[in-house]
Structures are given as structure tokens and as C-alpha cells.
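See structure below.
Where a number appears in this text, it was derived from the coordinates with a stated rule and is not lab data. Just so it is clear, the structure is predicted and the values come from calculations on it, not from any experiment. Backbone-built Cβ (ideal geometry, glycine too); neighbour counts: all protein chains shown.
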Amino acid sequence: MTAVVVWLLVALGVVAVAVVVALLARSARARSIETGAPPLETGIAAPPPLVAPPLEVEAAGVVVEEVAAPTLSTQLTSARSLFDRVRSLRGRSVVGAEERDEIESALLRADVGTSTTAAVLEAVSAAAAAKTMGPDGVPGALRRELLELLGPPPAPLTTKVDADRVAVWLFVGVNGVGKTTTIGKLAAAETAKGSRVLLAAADTFRAAAADQLAAWAERVGCDLVRADEGADPGAVVHDALHRAASRDIPLVLADTAGRLHNKANLIEELKKIRRVADREPGQVTEVLLVLDATTGQNAISQAREFSDAVGVTGIVLTKLDGTARGGVVLAVQRELGLPVRLVGVGERAEDLVAFDPEGFVEALLGD
């Protein structure tokens, strides 16, 4: 029994020593992590720090790189690539079968449309026959014809109204093209210039549209008039005008529905809204048709429908970036005589910009 007791005492002593050693090692590791002091020599390597050391920042502060605003040249990459072979014809002053094929292919693939493509191609061929191509050859002649077709830069949106009237910008277009977002971006731009605006959520067919416009109103810090889903959109515009007049707000931006599955009713509804918006104290100064640049030639038929109904004064072309081919700008301008007033070249509020014909053509054909 005595021997057994001795062995038990020895075993307990070994265990006690092991526990003490483990505790000392753990304490050393903790001290190393907290203070950077070297660990005790226990034969066990200390683990790496759990948190990386802080980065050293100069006293002058951190330099944040500014992000350049997107431009047509940087955004129209897909459309530009369609004109690669046309740009390679630089210096050629003859328009033969090969040159005609290259020009025609690029224009059609860019969604310019058959009739506009034929007209542009004929004009370039005529320039070659008259020996007026210029030193740049085919690309230079095509550039001149596109600029001629697009005309001068568009006039700024106007708020000029008669005395004691409230200017109204009415936005029309099918669902999903970006009407509500366009209104929000324009509200932000006008507010940034020091102007006061009021938003009218007259797309009462979709509660989501009113909610989205409400979010923009809160973000921008402007007034909003909305109604329950299914309410009379004309009544919304009427109330918005009278609220704007009572608060000396000079501009109302009015959203509208765009449900094409009930086209006849939609067109009649838009005509009614237009009439209401033009009654005192309102005065319609702009009717802006919002088109999605990625829809191509479908945008032409949309433009005809809405223009006939409410007298469109200009086009807002959204999503003119990424995969957009952009040629619909030329088709709309030639076939309908409607100027492209604004283009969306990105997601930020400041990415809705005035359309620049020279910048557009340069993005396609420039060096």
C-alpha cells in the first residue's frame, strides 16, 4: 500500500508541474500579444498576433483618389467596337463595295435602322463621288454626315412660363425604361442648382413607382404629392400643381404610368394628364419621353405612339452605357425629328447629362 501511495504522489506531482508549465506558457503568449514582449522560454512557440498592426498614416492625411465622371467616350465601348473596321478605312477616298459593306454593317449592328443607314450610306458615297471626302477619308466623311444628322447641341430644359404659373415637366414612356429614376436624378440636379421642385407620383398603377419617387424626394429633400394605388392620376397632378403654387415652388416633375398591355386606355390617360397639367396654375414646358437605349429599334415605335398622344418635346435616353449600341439616337432624330435632350451614362445622380452630339460621334469614330 505504501508503494502505491508513493506512486500516486509522484503522478500527482508530474501533473501539477505540467499544469504550471502550461499556465506559464499561456500567460506568456497573452503578454506577447498585448505588449509585443517576447514569450517565456517554454519550448513552445508563441502564435502570431491576432490583429495586424495598424497602417501608418501620414500626419497630412490620407489622399483619396478622385473617380472621373463617366463620359460617352468611356461608356460607349460596345458601340465603339462596332466601328473598328470603319476607323481602319482612314485615308481611303473611294467608297466601293468593300467600304459600303463595312459602313452598312457597322450602322445596322449599332441599331441605326435600315432607312437611316441607307440615307447615311448614300450621303457618304455622294461625298466620295464629289471628291470631298477630306484627308481622313471614309471615317471623316461618316463623322460629318452623323453630325449633320444630329444637328446642334440640344437646348436646355426650360421652366419659362407665364406670370403666376408653375412649370411642369411631364415624363412619359413604357414601364422599365427608367422614368422614375430619371425624375429623381433631375430633381437632384435642380436642387443642387438652388431650385425648388415638387414631385408628382402620377403613376398610380404601380405602388412601387410612388415608393421609389418618395425615396428620391427624401434623398433630395423636396416635396412629393402621391395618392393611393389606383387613384386618378390626373387628380394627383392637379393637387401637385396647387400645392406647388401655394408654396411658391416653380417646378413640378410629374411621373406617369407606362403599361402598354392596355395601350388605348394608357394613351387616353396621358392625354388627360397633359390637359390637367396645362391648366392654371400649371403650364407644361417639357414633355420628355424616356427611352431605354438597349431596346434598339423598338424605341422608334414607342416614340411615335407617345409623341402623337402628348406632343413630346425631347428624348431622355437611359442606359447609354455598358452594352448599349446607341444608334437609336440617330434613328429617333432623323425619323421623328425629336432631339435627344439628356442621356444616362451611369448609375449616379450626376450621370444624367445633356446630350453632346460631337461627343457621341467622337465616341464612335474618334481615335
Exercise for the section: For segment 166-360, build the convex hull from the C-alpha positions and give me its volume per residue in Å³. Expected result: 108 Å³
Exercise for the section: With 10 Å bins from zero, work out the P(r) of segment 75-150 over every alpha carbon pair and list the percent per bin. Expected result: 21, 59, 20, 1
Problem - Total lysine pairs under 15 Å (Cα atoms) in segment 166-360, excluding pairs fewer than 8 apart on one chain - result: 5
Practice task
Compare the peptides 118-131, 154-167 by average per-residue count of other Cβ atoms within 10 angstrom and give them in order, highest first.
Solution key: 118-131, 154-167
Exercise for the section: Give me GLU218, GLU145, GLU362 ranked fewest to most by other Cβ atoms within 10 Å of their Cβ, as a rough exposure proxy. Expected result: GLU218, GLU362, GLU145
Completion exercise
Applied in sequence order to segment 152-169, the curve 6.51 cos²θ - 1.76 cosθ + 1.60 (Karplus, θ = phi - 60°) yields integer Hz couplings, x standing for Gly and Pro, of x, x, x, 5, x, 4, 9, 10, 6, 9, 5, 4, 6, 10, 10, 5, 10, 9
